[in-house]
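Here's the structure we're looking at; comments come further down.
The values are calculated or read from the model by the stated rules, or taken from the named source; none is laboratory data. As the structure is a prediction and not an experimental result, all values here were calculated from the model. Heads up, the Cβs are rebuilt from the backbone with ideal geometry, glycines too, and the neighbour counts pull from every protein chain shown. Ligands, DNA and RNA are stripped out before the accessible areas are found, and what is left, the full protein with its side chains, is counted by its heavy atoms. Shrake-Rupley method; radii C 1.70, N 1.55, O 1.52, S 1.80 Å.
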Amino acid sequence: PRWKEALSLLSQCQREPGVNPDLISYTTAMKACARARQENKARELFRAAKDLGMKLDVYFYTTAMDASAKGKKRNSWKNALSLLDEMKERGIAPNEVTYGVAVTACGNGGQWQRALELLDQMRSNSLRINTITYNSAIAALSKAARTESKTSQQQQQQDDSNNGSISSSNADLLWKKALDLIRCMEKEGVQRDSFTYSSAISTCGAAGRWSEAVDLIEAMKEDGIKPNKVAYTSAITACANSRQWDPAFELFNNVKNDGIKPDLVAYNALIGAGMTANKPTEVYELWNEMCLPENEKVSPDIVTLTEVIATLDAAMGKQSRERVDRVFDEAV
């Protein structure tokens, strides 16, 4: 691995008489560790450079923060913010990249409030916020929304009264914040990309805001960005969770018309919407479509089978019973 080679070269330099590795050498080695997600090794290099009394700079701190941002520990985001505070105390001014890395760390750690606070700090310091940094903040909102959605669904045990969407005031705050950030990007002339929209759609979807999710799909197209599978699937799921069969089915067809193969999540979401909307024929056709040889990558799972059978059972009649038998035969 490159990071091991970097550490080996640094070690050789340290042992070589008359050769003293400088800050650039340590920064380069740390960067290799960051790319390999070796946070602990990067922190060891950071401490070693400090102990040697080197004059640390913004690039050195930013690289160390990047290692924490990519770290696998739960508190890695705290390490990144701790380094940000430390460099400020040392009189080293963070730049746009430094803040971007800090926002990414918060996003990876699900700390959306901290991520938004950092964006405010950037504005206060007249630092330009680029696409990557905005995307990291929106991704943090998306991650928080998905987490809250799962928690709420577990607590309420799929209570029909909330249509499968999260009901807390925090949920409303998350999707609104995501849309606010997109508006800020437009106002500041920052380019939006597929990741921007996909994350925002995911946030709206988790909050059950199907109309906003569909609007974002249209906004993507108006922005000259072709919706990808992630964006479409998130929007379809948002519609399905809110029992909106027609817009979900339209989006599903748009996916195929755009030359994208729907994934298992999209199929299951649409079948779930068909179940609640009492669409036995459409659901049965989706089952048959999934069973086609060319769709082996979206092979039906237990969720698919359960919801297809439930839909056909609810329809009753001879034709539905025959379809149930065929579904069971194909499943076995």
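Tabulated values for the structure
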quantity: Contacts under 6 angstrom Cβ, first residue in the range 183-204 being touching a residue at least 12 places away in the same chain (Cβ under 8 Å) and aliphatic (A, V, I, L, M), partner in a helix (DSSP H, G or I) and open to solvent by 10 Å² or more (accessible area, probe 1.4 Å), 6 or more apart; calculated: Val190/Thr131; Ala200/Ile182; Ala200/Leu216; Ile201/Leu216; Ile201/Ser234
quantity: Residues being among the basic types (Lys, Arg), within 22 Å of the chain's Cα centre (by Cα) and not in a loop (DSSP other than H, G, I, E, B) - total across the range 227-263; calculated: 1
quantity: Criterion (assigned to a helix (DSSP H, G or I), of a type in the set (S, T, N, Q) and surrounded by fewer than 18 Cβ atoms within 10 Å (Cβ to Cβ)) met by exactly one of Thr311, Thr306; calculated: Thr306
quantity: Residues (under 17 Å from Leu118 (Cβ atoms) and touching a helix residue (DSSP H, G or I) at 6+ places or on another chain (Cβ under 6 Å)) located in the range 71-93; calculated: Ser76, Trp77, Asn79, Ala80, Leu83, Leu84, Met87, Ile92
quantity: Selection within the range 98-137 - farther than 19 Å from Trp175 by Cα and open to solvent by less than 30 Å² (accessible area, probe 1.4 Å); calculated: Thr98, Tyr99, Gly100, Val101, Ala102, Ala105, Met122, Ile129
quantity: Failed criterion for Pro280 (all others in (1) of a type outside the set (Val, Ile, Thr); (2) under 26 Å from Leu216 (Cβ atoms); (3) in contact (Cβ under 8 Å) with a residue 12 or more places away in the chain hold); calculated: (2)
quantity: Members of the range 138-147 that are open to solvent by 20 Å² or more (accessible area, probe 1.4 Å) and among the polar types (S, T, N, Q); calculated: Thr147
quantity: First in the range 239-251 and within 12 Å of Lys279 (Cβ to Cβ), second anywhere and among the basic types (Lys, Arg), Cβ under 7 Å, 6 or more apart; calculated: Trp245/Lys279
quantity: Filter result (hydrophobic (A, V, I, L, M, F, W, C) and either surrounded by 22 or more Cβ atoms within 10 Å (Cβ to Cβ) or in contact with an Asp or Glu (Cβ under 7 Å, 6 or more places away or on another chain) (or both)) within the range 256-284; calculated: Leu264, Ala266, Ala269, Leu270, Ile271, Ala273, Met275, Val283
